[in-house]
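Taken together, the values in this text are just the output of simple stated rules run on the coordinates, not laboratory data. These numbers come from a predicted model, not from an experiment. FYI the Cβ positions are ideal-geometry reconstructions off the backbone, even for glycines, and counts take in every protein chain you see.
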Amino acid sequence: MSEKQNKNVTVRVQKIKKNHIKQKLAFFLILAIGLVVLAVFSEHLCPYDPYAQDLASALQPPSLQHPMGTDTYGRDMLSRVISGARASIFSTFILVAVISVLGTAVGVCCGYFGGAADAVMMRISDVCLAFPGLVFAMAIAAILGGGIQNAVIALAVVSWPKYSRIARGQTLALKEEPYIHAAILAGDSSGQIMLRHILPNMLGPVLVTAMLDIGTMMMELAGLSFLGLGAQIPMAEWGSMMSSGRSMIQTYPWVVLSPGIAIFISVAIFNLLGDTVRDYLDPKNSRS
Amino acid sequence: MRKYAFRRLLQLIPILFAITFLSYGMMRIAGSDVVTQKMENTGQILSEDKLNAAREQLGLDKPFLTQYFVWLGKLLHGDMGNSYVSSLPVFDTFISKLPATLLLTVTSILLTIIISIPLGILSAVKQNTIMDYLIRLCSFIGNSLPNFFVSLLLMYFLAIRLRIFPVIAKEVSLKSVAMPAITLAIAMSAKYLRQVRATVLDELSKDYVAGAKARGVKFSVTLWKSIMKASLVTIITLLMLSVGNLLGGTAIVESIFMWDGVGKMAVDAISMRDYPIIQAYVMWMAIIYVVVNLLTDLSYRFLDPRIRLGGVKQ
Amino acid sequence: MRAKKFLAMAIALGLAVGATAMPTLAAEKKTLVFGDTTFNAENEEADINPQNTYAGWACIRYGVGETLFRYSDTMEIEPWIAKEYENIDELTWKITLNDGVVFSNGRACDGEAVKESLEALVANHERAAGDLCIDTIEADGNTVTIKTTEPKPALINYLSDPYGCIIDMQAGVSDDGIVIGTGPYVATELVTDDHVNLVKNENYWNGDVNVDEITVRTISDGDTLAMALQAGEINAAYGMAYASYPLFENDDFTFTSTATSRAFYAWMNFESPVTSDPAVRKAIAMGIDKDSFVSVLLNGYGYPAVGAFPDTFSFGGQNLTTESYDPDGAKKVLEEAGWVDSDGDGIREKDGQKLEIRWLTYPSRQELPLLAESAQATLKEIGMDVQINCTSDNNTIRKDPTLWDVYASAMVTAPTGDPEYFFTSCTLDESASNNGHYHSDQLEDLEKQMKQEFDADKRSDLAIQMQQTILDDNAYVFCSHLRMSMIMQSNVTGLTAHPCDYYELTADLDIN
């Protein structure tokens, strides 16, 4: 009797918890979608042209007219921050999408087929992991010309192995499961098995890793831009805006703080969203 | 075990080959070289003849493959060459930068441990209290601030406003390491704190905790004897990875604080196209990567006997 | 009781003695820390050995070495170690040294010492050897006679280049790159890319030295430099970022600044389908707002340029005329030449060719990206679409004239104070760096005269005509000259910026 009661309580607690997580998920999802919408419609949302210079009104402190002040060229900071959302958020999305999809694909194939191809791919991923991202970014920036897309390429090259490692490990474990053996015996092709039976099991962990990666990658991209290896002038991008305003932190702090706070808020939103997605997918929270 | 370690270290050789070749090639395709870079810095207008003469002196006029194999040949004889910029031996330069990076690594790791483990445990034990929320809020803030932003803020408040720490690191000392170490520790602690909290929560929900409680074992004893021990594996793995990253030098933080370590050396060398120094840096990164991975694996085996038994789960 | 009294008296006495002794002790040693962004191997200043690439700049700036002649504030030649020179014939120069010049180790700096130093220089320093073309040097007491292999009108200028610092070759160069010179300070310790320690030269021949110990600290980052000066960790600074200047515009700090011959200027590509059109070049010259660039983006720390040299030079911009900022005029020029915006996108076209300007520049000088962005905005107003390519690979790209239209650079146009250098290196048919393939018959003629001219006034006249020729063709657009500034705590005196950027720490330097 008491055991049953206890069990009921646990189930109820779990249900409440699950609901709570659902609410949280919805909340952060709305925030994140808001950011994405902001990025998509940035052109229409900017109160001013983010590239229009007006040297006569350079470095004005925040006011009603310019809520975030103006920069050295007299450009409206608010417009630049909004327009920068596009560069920062989209490039991060593309980066994370590419590395998670490709990394997982490589990992699943390596884990499933094993053998020489696996060994070679894993050594390549070793090289990529051990290769300093900075050298890569520098070289890419010089080869392809500067630009945020090249910073994305550089980061992609050094970060895909993380996903292939996760996927490979999972695949190796799944391969021993009886239902995979059954599928093999039933004559399913390797492609079918990987697509139908292995990949779906991979989605959870990969999704969680990817969500949590968004914030990190956004900061890494901004860091490369800060070192002058990412976005090129005059592109509005948060990292390079901070870098060019760096020496003004004491004299005209809004030039540095506005993009800094923008990075902070978006990274925080995506981090929180990632955490909630992880909690949501966590089997401990979905037992019922 | 020793054989295993040896086999893993052997993997280093192909990685080193691949990585040095790759970096040589990449920097080569990247165009520009130390000769033109210097010309830009000094603002002089030099004729092509003079530039070519300078290139010839450094061997930069030779085909790429020749350059690489000349470099490799020298390396195999224990000669890492001289820096194109300072003309000093690469090995000496590299060794002279190492203490700064080591000190920064050690202090920031210690700071991270001091901050994250107690706070993480506290946050887990007092789950869903104001204390927990507060700690988690701080962790979120720390986790979402890019370290260059933190550096600038710290420099402004601690060095200019409060004048607690010197702006320029005159020598490798505890006082001058403080600001870069705090910057790094903030981001790392924020990350670790959450991991520690999650691990401890995980342990707390296990049956043995309830069992111990039922047996009347003091909670603090359980905490120290069992929970801590179980959490150690997670923490050590994370620490290992961070040590690896830190030993590679933290380019941005070292540059901002003028901390004369390996990371700053790399940034400077890359911007000057100082190939021999870049090669040394790339090799160092590869060595760290392999060694850290090996140590992580070994420590797993050491801490978790199940793995030593050949991965068979109970 | 008595003992107590005695003790009190003793303490009082001790305090009094201590109190009077302390200030005198403090006054005895004057120390100063100087922060510099350029003293590093990346700028080819790895040490202070003048015979090592550009390290002579450090040698002369930090008051270790001195040259035979020096430049006045108006960039005229003045005596220094040498008293006078005589140009005996086209190839022979007789230089008389001042009496009583000694190296910091006490050795007399006589003709023989100068000969040794210069001979070592041409043996070790390729650029110097090429500039000086020295055939023989003869020393006789306090005179030195130099014979050159070809006529060298600017020989005295070249000898005043930092590489011409006279050093004691018998003492030689230490492993750290420390040399013995005749200047007010003696280097005691040097670590490349970090610092050099200097002490007062007790044997200084040319007056008293006020400061006992100086540390010159390499701080490559402009922001760190600013914060170090704010925090009082350094007493004076060279190479501050423009954006930090407002922090020091108060009573606690003093500025010293002057125009230098480092010019920020745009090269036009004469092989490009766009900039080969004189109307386009003229419109670009009229479409760049030099005044706003200087006053706003450089915080006023620069000088709008007319020609290649600043107004402090006798052949400077004050003698020249060129286009001024006039967007409406520029639009008219373009329209008359047939560049019109027919499709209404704000960018002009002509014969199906869009008015696109590929603006090549590089990031290592903080002013260049600023110039690029500012030009991009103002040229857009007159219907030009400027595409910025700001890359460290610019030196490869500019050799291929199909890849760029305008190249903006920051070069020193008169490193030795003589004008010929700029023309021979950039603007002539034979110039190695004439990457835009500019050609002018008139300019070639003028250069032929310049090559043979020994008279300083006539050289100056020729330099003016040559600049005007370039400006009339709009082959180069000179945007601004660097205003070199040093910032110091207000208790530091005697630190003065000099137009040639060579002289920083002198015997006049003092700290109170």
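Quick notes on this one:
- Only beta bridges with both residues in the protein assembly as shown are counted; by DSSP, about 80 percent of them are antiparallel.
- Over the range C:363-486, equivalent-ellipsoid semi-axes from the Cα gyration tensor in Å: 28, 17, 15
- Across chain C, Cα pairs under 8 Å and at least six residues apart give a relative contact order of 19 percent.
- Environment charge at residue B:153 (Cβ cut-off 15 Å; Lys +1, Arg +1, Asp -1, Glu -1): +1
- Residue-by-residue Karplus 3J(HN,Hα) for the range C:344-353, coefficients 6.51, -1.76, 1.60, Hz, glycine and proline x: x, 8, x, 10, 7, 9, 8, 6, x, 9
- Based on C-alpha pairs under 8 angstrom that are at least 6 apart in sequence, the range C:141-212 has a relative contact order of 17 percent.
- Of the DSSP H helices in chain A, those whose Cα atoms cover at least 20 Å axially and whose Kyte score averages 0.5 or more: A:91-113, A:115-130, A:199-226, A:254-281
- Around residue C:144: net Lys/Arg minus Asp/Glu count, Cβ-Cβ under 10 Å: -2
- Three-way shape label, the range C:51-173, alpha-carbon gyration tensor, a/c 1.5: rounded
- For the protein assembly as shown: span of alpha carbons on each principal axis (Å, largest first): 119, 108, 65
- Under-5 Å amide H pairs with residue C:480, H placed in peptide plane, nonlocal only: C:264, C:305
- The charge dipole of the range C:299-339, taken about its Cα centre with unit charges on the Cβ of Lys, Arg, Asp and Glu (plus for the first two, minus for the last two), comes to roughly 100 debye.
- Close amide H contacts of residue C:189 (hydrogens built in the peptide plane, cut-off under 5 Å, sequence separation of 5 or more or a different chain): C:197.
- Counts of other chain beta carbons within 10 angstrom of each beta carbon in peptide B:283-291 average 3.
- Peptides C:156-165, A:49-58, B:57-66, C:191-200 ranked from most to least packed give C:156-165, C:191-200, A:49-58, B:57-66, packing being the mean of other C-beta atoms within 10 angstrom over each peptide's residues.
- Cβ-based exposure ranking for B:250, C:215, in which fewest neighbours within 10 Å come first: C:215, B:250
- Packing-based ranking of A:203-209, B:258-264, C:265-271, A:29-35 yields B:258-264, C:265-271, A:203-209, A:29-35, ordered from highest to lowest mean Cβ neighbour count within 10 Å.
- Nearest 10 degrees, 0 to 90: helix C:367-381 Cα axis against chain C principal axis: 30
- Restricting the range C:434-481 to chymotrypsin sites (Phe, Trp or Tyr not before Pro) in coil, as DSSP defines it, with at most 14 other Cβ within 10 Å: C:454
- Among the listed pairs C:152/C:200; B:50/C:147; C:282/C:399, those with a Cα-Cα distance over 28 Å are C:152/C:200.
- Counts of other chain beta carbons within 10 angstrom of each beta carbon in peptide B:147-157 average 5.
- Taking label points 7 Å from Cα along the Cα-to-Cβ direction, residue C:73 and residue A:185 give a separation of 10.0 nm.
- HN-Hα J in Hz across the range C:217-228 - Karplus 6.51, -1.76, 1.60, θ = phi - 60°, x for Gly and Pro: 10, 6, 10, 6, 9, x, 6, 4, 4, 4, 5, 5
- Ascending count of other beta-carbon atoms within 10 Å, so fewest first, for A:246, C:348: A:246, C:348
- Only helical runs count toward this figure. For chain C, summing -39,500 (n - 2.57) over DSSP H runs of n ≥ 4 and dividing by all residues gives -8500 deg cm²/dmol at 222 nm.
- Separation of the residue B:207 and residue C:254 label points, Cα + 7 Å toward Cβ, nm: 8.3
- Cα-based helix-to-principal-axis angle, C:327-336 vs chain C, degrees rounded to 10: 30
- 3J(HN,Hα) from dihedral phi, the range C:103-109, Karplus parametrisation 6.51/-1.76/1.60, rounded to Hz, x for glycine, proline: 6, 5, 8, x, 5, 6, 8
- DSSP beta bridges in chain C [antiparallel fraction, %, rounded to 5]: 80
- Taking C:84, C:233 and counting other C-beta atoms within 10 Å, the order from fewest to most: C:84, C:233
- Peptide ranges C:315-325, A:251-261 listed from the most packed, as the mean C-beta count within 10 angstrom indicates: A:251-261, C:315-325
- For chain C, the longest principal axis of the Cα atoms and the long axis of helix C:456-472 meet at an angle of about 40 degrees.
- The mean number of Cβ atoms from other chains found within 10 Å of a Cβ in peptide C:214-225 is 4, as a whole number.
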